[in-house]
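The structure under discussion is supplied below as structure tokens; questions concerning it will follow.
No lab work stands behind these numbers, since they all come straight from the coordinates. Note that the structure is a prediction, hence the values are computed from the model and not measured. Cβ atoms come from the backbone with ideal geometry, glycine included; neighbour counts cover every protein chain shown.
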Amino acid sequence: MRERFHGQLSVLGELLSSMCGMACEELHLANRVFLDRDVEAAAELATVEARLNAARTRCEESAQKLLALQAPVAGDLRTVLAAVYCADRLERMGDLAQHIAEQALRAPEFAVPDALTGRFGEMAGLVCSMAEDLGAAIEGPTAEVFHSLARSDQRVDALYEELMTLVTEPDWDDGVAPAISVALLARFYERFADQVVSVARRVDFALTGELPESSLRDAPAEL
């Protein structure tokens with residue numbers, strides 16, 4: 001019975017890893033829509049989003065069955081509850097990637113001024129790397145992975161603050177619509193990075209029973 005239970009836990013972990021891969025794929029596609037102006041990537045993103053949402057439902061249903069039928073305790077209980085928590089955040093990551101694409105499609109002519117494309121390119125690259133590293137954290141959680149992600153998240157936060165400062169300065173002369181677009185896109189990337197760190201932190205907790213120390217709190221699900 002216990003062997004079967006741990007086999008089911010393993011399947012749950014594989015599902016989370018798959019969800020992380022989908023969220024990462026969505027972000028790559030969103031970057032193509034935004035930075036490369038690849039409109040066709042938006043349709044691919046919508047397909048992956050549907051798969052991610054379905055995977056989140058399967059994860060929750062599996063976790064509920066394990067809780068109801070196996071009554072796990074201690075580390076096993078932490079693992080099941082962490083899976084539910086992480087599935088919610090991974091789905092949220094997919095939503096944020098979709099928001100990036102939608103905003104870029106809504107206003108392609110002034111998504112961001114040319115002077116800011118470098119900062120957004122750096123931000124997009126950082127967040128993509130974080131999402132990819134999160135997959136490693138889910139498959140083999142270590143404190144090193146979490147703290148590496150937290151450091152990357154601090155750089156993303158710094159870029160976000162730089163962009164917000166630029167669009168609110170008195171000498172900003174690119175107009176209101178571009179300023180709004182810059183603020184929204186920067187916020188979506190920043191929130192995506194926060195969700196990555198939050199998932200990594202909870203995965204580490206499931207393994208050790210202790211939340212790794214960080215100046216960051218678990219990121220709330222909403223914007």
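What FRET efficiency, computed as 1/(1 + (r/R0)^6) with R0 = 25 Å and r the Cβ-Cβ distance, is obtained for D157 and N53, rounded to the nearest 0.05?
Numbers: r = 28 Å, r/R0 = 1.12.
After rounding to 0.05, the efficiency reads 0.35.
Using the per-residue mean of other Cβ atoms lying within 10 Å as a proxy for protection, in what order, highest first, do the peptides 53-59, 26-32, 36-42, 76-82 fall? Walk me through the numbers before you get to the answer.
Values: 53-59: 17.0, 26-32: 24.6, 36-42: 13.7, 76-82: 18.6.
Highest to lowest by the protection proxy: 26-32, 76-82, 53-59, 36-42.
Report the gain in length on full extension from D173 to E102: 0.36 nm times residue separation, minus Cα-Cα distance, nm rounded to one decimal.
Full-extension gain reported as 23.1 nm.
Still on this structure, I have one more. Using a Förster radius of 25 Å, what is the FRET efficiency between D38 and I180 based on their Cβ-Cβ separation? Nearest 0.05, please. Walk me through the numbers before you get to the answer.
On the way: r = 23 Å, r/R0 = 0.91.
The formula returns an efficiency of 0.65 here.
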